[in-house]
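Some notes on the structure that comes next.
The values are calculated or read from the model by the stated rules, or taken from the named source; none is laboratory data. Remember, it's a predicted structure, so these values are computed and weren't measured experimentally. Here the Cβ positions follow ideal geometry from the backbone for every residue, glycine too, while neighbour counts run over all protein chains shown.
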Ligand SMILES: [Zn+2]
């Protein structure tokens, strides 16, 4: 072997020993085996399977962005069914439930007449379901407890809370929880009678919140978070402050809940 080859071999040996740090002897037992992988996370809600018709501009996504509104993503062309739990207090007055159902029926008819297909229909007043979690109708302003669990797909539910939440103006006020398509009343003291039509038609305003609409003057939310209502639907119209949708409000529904059979 020539001197050159020996030198090259030594060089290679040296190159193979660049890691000259002594290896510490093991002082601990081997770590326990890794824990079993966590169960797969709950899958994301299904994206809308019905695409936007021509002439629309992201209304479906924007509606879903309003307080995580669930109805736009559930839309499969089957009209949503509106129910009220029939445990309203006597203070609500005779015929209150039927009056609310009439308002929703009127809304449903207006939508069908303008768009040519139904989006909502009245199911009626139904008994409170069994196995509701304790506190389901306790006063709260942050959504009824467990509401995601006690409705079925495609339903809109109206419920009455046992009392007006603290610091709330009260008097027949109401609010919507779009993430579970529930509409809440506080009728313990009876409906607000200063503006009976306003109180009666508030259900229409709240249904539009469940559809993914925000107030006409809601500047706090981003562009991607909801569709603007008209001022009339937001605050009421004329002396009696009826909260009815304009034709623009209804026309926007064509983009949020497109006709599955005849996209236009
Ligand atoms: Zn509102």
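If you go through region 233-263 and pick out every residue that is closer than 18 Å to residue 106 by Cβ and touching a strand residue (DSSP E or B) at 6+ places or on another chain (Cβ under 8 Å), you end up with 5. Screening residue 168 with (1) more than 13 Å from the chain's Cα centre (by Cα); (2) away from the ligand (no atom under 16 Å from the Cβ); (3) surrounded by fewer than 19 Cβ atoms within 10 Å (Cβ to Cβ) gives one miss only, at (2). Pairing residues of region 156-184 that are on the phi < 0 side of the Ramachandran plot with residues that are within 15 Å of the ligand (Cβ to nearest atom) and modelled with pLDDT under 85, at Cβ distances under 8 Å and at least 6 apart in sequence or on separate chains, gives 164/173; 165/141; 168/141; 173/192; 175/141; 183/174; 184/174. Residues in region 195-211 include at least one that is surrounded by fewer than 16 Cβ atoms within 10 Å (Cβ to Cβ) and out of contact with any strand residue (DSSP E or B) (no Cβ under 9 Å at 6 or more places or on another chain).
On the basis of being touching a helix residue (DSSP H, G or I) at 6+ places or on another chain (Cβ under 9 Å) and more than 13 Å from the ligand (Cβ to nearest atom), does residue 176 make the cut? Break it down into steps so the answer makes sense when it comes.
Values: touching a helix residue (DSSP H, G or I) at 6+ places or on another chain (Cβ under 9 Å): yes; more than 13 Å from the ligand (Cβ to nearest atom): no.
For residue 176, the condition - touching a helix residue (DSSP H, G or I) at 6+ places or on another chain (Cβ under 9 Å) and more than 13 Å from the ligand (Cβ to nearest atom) - is not met.
Applying the selection to region 94-118, what residues are in contact (Cβ under 8 Å) with a residue 60 or more places away in the chain, surrounded by 15 or more Cβ atoms within 10 Å (Cβ to Cβ) and assigned to a loop (DSSP other than H, G, I, E, B)? Scanning region 94-118 gives a single hit, 117.
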